Amino acid sequence: MRKNIVAGNWKMNKNLQEGIALAKDLNAALTADKPNCDVIICTPFIHLASVVPAVDAAIIGVGAENCADKVSGAYTGEVSAEMVASTGAKYVILGHSERRAYYHETPEILKEKVQLALANGLTPIFCIGEVLEERQQGVQNKVVYDQLAGSLFDLTAEEFSKIVLAYEPVWAIGTGLTATPEQAEEIHAYIRSVIAEKFGAEVAENTSILYGGSCKPSNAKELFANPNVDGGLIGGAALKVEDFKGIIDAFK
Ligand code: 13P
């Protein structure tokens with residue numbers, strides 16, 4: 001059966017010392033009170049090599065927030081999937097709406113990143129989701145379909161089965177607006193139906209689909225209670241142990 005997952009996306013927050021302290025505090029809190037779901041923290045690149053040994057790998061998985069679309073070479077400032085994996089990180093967020101919008105990452109670029117992540121043994125946490133205007137026009141299903149098709153439909157079913165999906169409506173990210181549990185369930189069920197059609201019912205049943213966008217301790221339980229919502233990808237609330245643990249505890 002698919003896993004329930006609560007993953008944190010630190011984005012561009014916390015210097016190295018603050019990041020290590022946050023990871024250690026979270027590790028202590030979850031060692032004292034074990035989670036009922038998989039827990040992942042995705043950190044800036046420079047934190048990875050320090051955060052990986054600071055946490056118990058049996059309790060907290062560590063991931064990057066991005067990786068390059070090239071294997072290696074003269075790409076100044078880029079960090080490859082192989083480099084990420086060499087830190088001991090196991091996950092990488094790809095296709096986040098902030099990367100799509102601010103750094104112009106296209107479905108084709110993301111396709112390369114996904115393949116390099118998989119080739120290096122990383123689990124991609126692949127993000128999809130519509131902007132407000134698209135939701136208002138009622139075309140959210142088409143938007144997520146195109147995002148899935150544009151980057152993931154070249155994968156084999158075996159490769160796809162290694163992917164975690166995150167549905168993040170852009171209008172809910174960092175805005176305090178949250179999709180209602182009904183809105184989340186409706187589109188998560190649609191996403192699962194797309195996977196079933198393309199990769200088969202078994203792969204679809206086993207794919208974890210996380211919700212992201214202003215998730216907090218006060219709304220996590222009702223969001224995660226939906227049959228097709230398998231956890232969350234958490235931004236702001238992942239930066240405080242108390243808030244992040246409150247969301248993790250929604251699975252208790
Ligand atoms: P917030 O939880 O801050 O809305 O961010 C969600 C997100 O973008 C996680 O990737």
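Filter the stretch 200-220 for residues that are surrounded by 14 or more Cβ atoms within 10 Å (Cβ to Cβ), within 16 Å of the ligand (Cβ to nearest atom) and at negative phi and give the result.
Across the stretch 200-220, the qualifying residues are SER208, ILE209, LEU210, TYR211, GLY212, CYS215, LYS216, PRO217, ASN219, ALA220.
Hey, can you tell me all the residues within the stretch 239-248 that are under 20 Å from ALA225 (Cα atoms) and either touching a Phe, Trp or Tyr at 6+ places or on another chain (Cβ under 9 Å) or without any contact (Cβ under 8 Å) to a residue 40 or more places away in the chain (or both)?
ASP243, GLY246, ILE247
Only residues that are farther than 19 Å from LEU30 by Cα and of a type in the set (A, V, I, L, M, F, W, C): list them for the stretch 205-242, please.
Selection gives ILE209, LEU210, CYS215, LEU223, PHE224, ALA225, VAL229.
Just need a number here: residues in the stretch 116-159 that are open to solvent by less than 30 Å² (accessible area, probe 1.4 Å) and part of a loop (DSSP other than H, G, I, E, B).
Of the residues in that region, 4 qualify.
Could you tell me whether the stretch 242-249 includes any residue that is touching a helix residue (DSSP H, G or I) at 6+ places or on another chain (Cβ under 9 Å), open to solvent by 30 Å² or more (accessible area, probe 1.4 Å) and within 11 Å of the ligand (Cβ to nearest atom)?
Scanning the stretch 242-249 turns up at least one residue that is touching a helix residue (DSSP H, G or I) at 6+ places or on another chain (Cβ under 9 Å), open to solvent by 30 Å² or more (accessible area, probe 1.4 Å) and within 11 Å of the ligand (Cβ to nearest atom).
Restricting to the stretch 96-115, what's the tally of residues that are touching a Cys at 6+ places or on another chain (Cβ under 7 Å) and either part of a helix (DSSP H, G or I) or of a type in the set (Phe, Trp, Tyr) (or both)?
2
Please find, within the stretch 1-45, the residue that is farthest from the ligand (Cβ to nearest atom) out of those that are surrounded by fewer than 19 Cβ atoms within 10 Å (Cβ to Cβ) and among the β-branched types (Val, Ile, Thr).
It comes out as THR31.
Out of all the residues in the stretch 56-95, which are without any contact (Cβ under 8 Å) to a residue 60 or more places away in the chain, surrounded by 22 or more Cβ atoms within 10 Å (Cβ to Cβ) and either part of a strand (DSSP E or B) or away from the ligand (no atom under 16 Å from the Cβ) (or both)?
Result: VAL62, ALA64, ALA81, VAL84, ALA89, VAL92, LEU94.
Filter the stretch 221-235 down to the residues that are away from the ligand (no atom under 14 Å from the Cβ) and of a type in the set (Val, Ile, Thr) and list them by number.
Answer for the stretch 221-235, where residues must be away from the ligand (no atom under 14 Å from the Cβ) and of a type in the set (Val, Ile, Thr): just VAL229.
Among the residues of the stretch 203-216, are any out of contact with any helix residue (DSSP H, G or I) (no Cβ under 9 Å at 6 or more places or on another chain) and polar (S, T, N, Q)?
Checked the stretch 203-216: at least one residue is out of contact with any helix residue (DSSP H, G or I) (no Cβ under 9 Å at 6 or more places or on another chain) and polar (S, T, N, Q).
Being among the aromatic types (Phe, Trp, Tyr) and under 13 Å from VAL203 (Cβ atoms) is the filter here; which residues of the stretch 129-176 pass it?
Within the stretch 129-176, PHE153, PHE160 qualify.
Quick one: in the stretch 160-197, of everything that is assigned to a helix (DSSP H, G or I) and in contact (Cβ under 8 Å) with a residue 60 or more places away in the chain, which residue is nearest to the ligand (Cβ to nearest atom)?
By that ranking, first place goes to VAL170.
Here are some conditions: (1) touching a residue at least 12 places away in the same chain (Cβ under 8 Å); (2) outside any helix (DSSP H, G or I); (3) among the hydrophobic types (A, V, I, L, M, F, W, C). ILE20 meets all but one. Which one does it not meet?
Going through (1) touching a residue at least 12 places away in the same chain (Cβ under 8 Å); (2) outside any helix (DSSP H, G or I); (3) among the hydrophobic types (A, V, I, L, M, F, W, C) one by one, ILE20 breaks only (2).
The values are calculated or read from the model by the stated rules, or taken from the named source; none is laboratory data. Just so you know, these numbers come straight off a predicted model, no measurement behind them. Ideal geometry is used to build each Cβ from the backbone, glycine not excepted, and the neighbour counts take in all protein chains shown. Ligands, DNA and RNA are excluded from the accessible area calculation, which covers all protein heavy atoms including side chains. Shrake-Rupley method; radii C 1.70, N 1.55, O 1.52, S 1.80 Å.
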